[in-house]
1. Suppose we filter region 264-283 for residues that are free of Cβ contacts under 8 Å to residues at least 60 places away in the same chain and more than 30 Å from residue 147 (Cβ to Cβ); how many remain?
2. Does residue 78 count as within 14 Å of ligand 1 (Cβ to nearest atom) and either at pLDDT below 95 or part of a helix (DSSP H, G or I) (or both)?
3. I'd like to know if region 126-141 contains one or more residues that are touching a helix residue (DSSP H, G or I) at 6+ places or on another chain (Cβ under 6 Å), more than 26 Å from residue 44 (Cβ to Cβ) and in a loop (DSSP other than H, G, I, E, B).
4. When the residues of region 81-108 are narrowed to those that are in contact (Cβ under 8 Å) with a residue 40 or more places away in the chain and not in a helix (DSSP H, G or I), which ends up nearest to ligand 2 (Cβ to nearest atom)?
5. Listed residues 142, 171; which is surrounded by 11 or more Cβ atoms within 10 Å (Cβ to Cβ), under 25 Å from residue 92 (Cβ atoms), more than 12 Å from ligand 2 (Cβ to nearest atom) and under 21 Å from the mean Cα position of the chain (by Cα)?
6. Which one of these is within 27 Å of residue 48 (Cα to Cα) and out of contact with any helix residue (DSSP H, G or I) (no Cβ under 7 Å at 6 or more places or on another chain): 274, 221?
7. Please pick out the residue among 30, 8, 53, 23 that is closer than 16 Å to residue 237 by Cα and touching a strand residue (DSSP E or B) at 6+ places or on another chain (Cβ under 6 Å).
8. Residues in region 153-164 that are under 15 Å from residue 95 (Cα atoms) and out of contact with any helix residue (DSSP H, G or I) (no Cβ under 7 Å at 6 or more places or on another chain): how many?
Ligand code: GLU
Ligand code: ZN
């Protein structure tokens, strides 16, 4: 089996340290396994996007000499595929329309109770939920081994198309990873809780899920996840080699100090040759 990995940024802003680490980890794991490394732009939520961030991200990757294989796939090109799958599941009653106001769900403890499951509401002007009839509560992770998720949300009928008509990440990510024949997903731990939902979609599609590896998040000084929303500082690509060495060290690898004087390509090659996924910290 050939390894196909990917980095799938959302263009809500330029890369920050927290997204760079996901880019580097997915790149190194792919290249250490003689695999391909794809980049997919997850631009399916225009209201949350920053105009031009997609190009900025690609330029940043280039500045770090993170060279992707093949063409960049934009999720905006994939809408008809998402729509076809949604229509099929609606027809098969594996998905259904829901008009419960978010406020009501929040008031009921934040977990959707399946209220609209059998109401046969029209899909127009409604959210569409996946009928999660056999919820999964665990999956295998290359870093965390068996991940057990006991939260009530695992059995929720989660949203696959929002009421505003935009497709949900859960649906798009699965259809795209299948479309691109992705075998390994290396990404941030913030996505570990909903992986079981994604695996339910794989099961419904009769496709074997990829291998997962969830890498630790980089937290800001306030202990919150670094993100555009929490004001993560922009990456200084003039210091790209320093940042690369820092990120490689945060991934539990032990880059020698001398690497700081080397080019990005040499740093990355050292990291590919010495990559040990087992050394990546769990937290
Ligand atoms: N687009 C998602 C993000 O930026 C990542 C999706 C994934 O790696 O599965 O957080
Ligand atoms: Zn509902």
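1. Looking only at that region, the number is 4.
2. Details: within 14 Å of ligand 1 (Cβ to nearest atom): yes; either at pLDDT below 95 or part of a helix (DSSP H, G or I) (or both): yes.
Against the criterion (within 14 Å of ligand 1 (Cβ to nearest atom) and either at pLDDT below 95 or part of a helix (DSSP H, G or I) (or both)), residue 78 qualifies.
3. Yes, some residue in region 126-141 is touching a helix residue (DSSP H, G or I) at 6+ places or on another chain (Cβ under 6 Å), more than 26 Å from residue 44 (Cβ to Cβ) and in a loop (DSSP other than H, G, I, E, B).
4. 98
5. One residue alone meets the criteria, 171.
6. Numbers: 274 fails: within 27 Å of residue 48 (Cα to Cα).
Exactly one residue qualifies, and that residue is 221.
7. Details: 30 fails: closer than 16 Å to residue 237 by Cα; 8 fails: closer than 16 Å to residue 237 by Cα; 53 fails: touching a strand residue (DSSP E or B) at 6+ places or on another chain (Cβ under 6 Å).
Exactly one residue qualifies, and that residue is 23.
8. Let us first name the residues in region 153-164 that are under 15 Å from residue 95 (Cα atoms), namely 155-163.
Pick out the ones that are also out of contact with any helix residue (DSSP H, G or I) (no Cβ under 7 Å at 6 or more places or on another chain) and you get 155-157, 159, 162-163.
Residues flagged as under 15 Å from residue 95 (Cα atoms) and out of contact with any helix residue (DSSP H, G or I) (no Cβ under 7 Å at 6 or more places or on another chain) within region 153-164 amount to 6.
The values are calculated or read from the model by the stated rules, or taken from the named source; none is laboratory data. The structure presented is a predicted model; accordingly, all values stated were derived computationally and were not measured. Cβ sites come from the backbone with ideal geometry, for glycine too, and all protein chains shown count toward neighbours.
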